[in-house]
Amino acid sequence: MLPLKVTMPHDPVPALLSRATEVLEAQFAALPEFAPSYDAANNPEAMARVLGDVARRLGDNYPYFHPLYAGQMLKPPHPLARAAYALAMAINPNNHARDGGRASSEMEIVAVRSLAGLFGWTEYLGHLTSSGTLANLEALWVAGQLAQESKIGKRIVGSEQAHYTHQRISAVLKLDYSPIAADRRGRMNLNALEDELRKGDVGTVVVTLGTTAIGAVDPLDEILALRSRYGFRVHVDAAYGGYFRLILKALDEPARRAYAVIDQADSIVVDPHKHGLQPYGCGCILFRDHCVGRFYKHDSPYTYFTSDQLHLGEISLECSRAGASAVALWATQQLLPLTPDGEFARNLARGRAAALDLDRRLRQDELRRFQPLADGPPELDIVVWKMNAESPERASELAQKIFAASALRDLHLALVELPLTWFQPAAGSESSGVDGTVTCLRSVLMKPEHEAWLDEIWKRLTAACSEVLGENENVRSSHAR
Ligand SMILES: Cc1ncc(COP(=O)(O)O)c(C=O)c1O
């Protein structure tokens, strides 16, 4: 089948940028003119030719910007964020230090204050990072430093569904790490956690609010109750799910309870480059106790100390960092403030509504082709389902074929390997208890447009299924009768 035409939306960025560039140039109008060595006027044709080549090469990508891309965690940045980022590139500020980017450092401080406010914090230490990985690294590094200082337990634990980065970061930091079993909803199993806590050497529990695979929300409220008994540090990895704190009403009760107490965490990671409409790389680390800033202390004769204010390089493990990220985030937050009744929150809720809609359609399918999670609908906006088949091997094979058949219809889904038991009746009923994993289909419905596109997504998914399963319309309609 020929791929269908996917149209790129009209791009408002060039017009936005051209006006703003004039304003920016005016800020430096008092300087004497000079001839830049790399000026477009020197070689316009060669530059245009290379850029044309770049554009053609970039065509070798999935259409991440389009609602029919419903696979991995990829969300197009807001046009304002792209324009602000590109505008900042004319200066290329470095938020390592105030002298590297005075305005952009100020914007970072304001943008981070909004993120901290999202979690109910007014006192904190925090900054942007170039990724969720770096932000989590700082959280676990501080946890390790604190453990060393107080000689308390150093071991890090996190659910087996936590992002793999935690295990790897712990290895880099030479801290022991143990995975904790997850339950059938992909949430950390509290009995398994308590078994580890009883050993007495756990220093930090990584609690994920929004797991990468299925958007599961660990029971933070219950983990905090264990903290008061066992004493450990709580690091919340909300790289993906952090912004859902804004739309508590749209969540189910267990997730709502977890988000409601996020302010009691010791550290929080959230990634504006996931749900925050930002270009890569924009992560953020926040610590509740600003005193942990002492661990970052360093003496550097060669960084910029002309300012007497604390600069961001003094509270960050990374040195050079794109000031443009802070500029883009600040601009986006000016346009779309992080308020529960604002447009940003409404758009987040639209993705969540799309996920619930898709999950409902999968459950209500008359041909019973799909098996969504046995224990209930998605907690955020990620939907997973197993194909109904006589064996796990056949279900995995079908998932792979439907993934490919959907892609031929320009519907891009993702594949994920999940425990088979999650799709079976709970233990105690007859057919449960087969171990192992199965390849499932996964759809991250994180764009607001997904809500309006769900009919089309469903049409293409079911057409792909009909092709792979060899059904014809007669079978389908006789079933429907
Ligand atoms: C929960 C979670 N933590 C951490 C990460 C790593 O973040 P990054 O890819 O920005 O380094 C991810 C990425 O998907 C994630 O989903």
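The values are calculated or read from the model by the stated rules, or taken from the named source; none is laboratory data. All values derive from a computational prediction rather than experimental measurement. We place every Cβ from the backbone using ideal geometry, glycine too, and count neighbours over all the protein chains shown. Keep in mind that these areas ignore ligands, DNA and RNA; they rest on the heavy atoms of the full protein, side chains included. Shrake-Rupley method; radii C 1.70, N 1.55, O 1.52, S 1.80 Å.
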Computed about the Cα centre, the charge dipole of the chain from +1 Lys/Arg and -1 Asp/Glu charges at the Cβ has a magnitude in debye, to the nearest 20, of 460 debye
Note on segment 351-462: C-alpha Rg/Rh, Kirkwood Rh, two decimals, gives 0.96
Excluding residues fewer than 8 positions from K401 in its own chain, the lysines with Cα under 30 Å of it are K5, K75, K274, K386, K447, K459
Mean Cβ-within-10 Å packing, highest first, puts peptides 254-260, 39-45 in the order 254-260, 39-45
Here the gain from full extension of Q364 to A41, 0.36 nm per residue of separation minus their alpha-carbon distance, amounts to 110.2 nm
Here D for the chain, in µm²/s, from Stokes-Einstein with a Kirkwood Rh over Cα pairs at 20 °C and 1.002 mPa s, works out to 88 µm²/s
Expressed in angstrom and rounded, the centroid-to-centroid distance over alpha carbons for segment 44-95 and segment 339-391 is 30 Å
Regression test value, accessible area per residue of the chain, probe 1.4 Å, units Å², expected 48 Å²
In this structure, the FRET efficiency calculated for D252 and S228 from their beta-carbon separation, with R0 = 22 Å, to the nearest 0.05, is 0.30
Here FRET efficiency (C-beta to C-beta, D99 to T437, R₀ 56 Å, nearest 0.05) is 0.60
Only helices counted: for the chain, with every DSSP H run of 4 or more residues adding -39500 (n - 2.57) and the sum spread over all residues, [θ] at 222 nm is -12500 deg cm²/dmol
Simple spin-label estimate for F28/Q167, 7 Å along Cα→Cβ, in nm, reads 4.8 nm
If R0 = 22 Å, then T7 and A452, at their Cβ-Cβ distance, give a FRET efficiency to the nearest 0.05 of 0.90
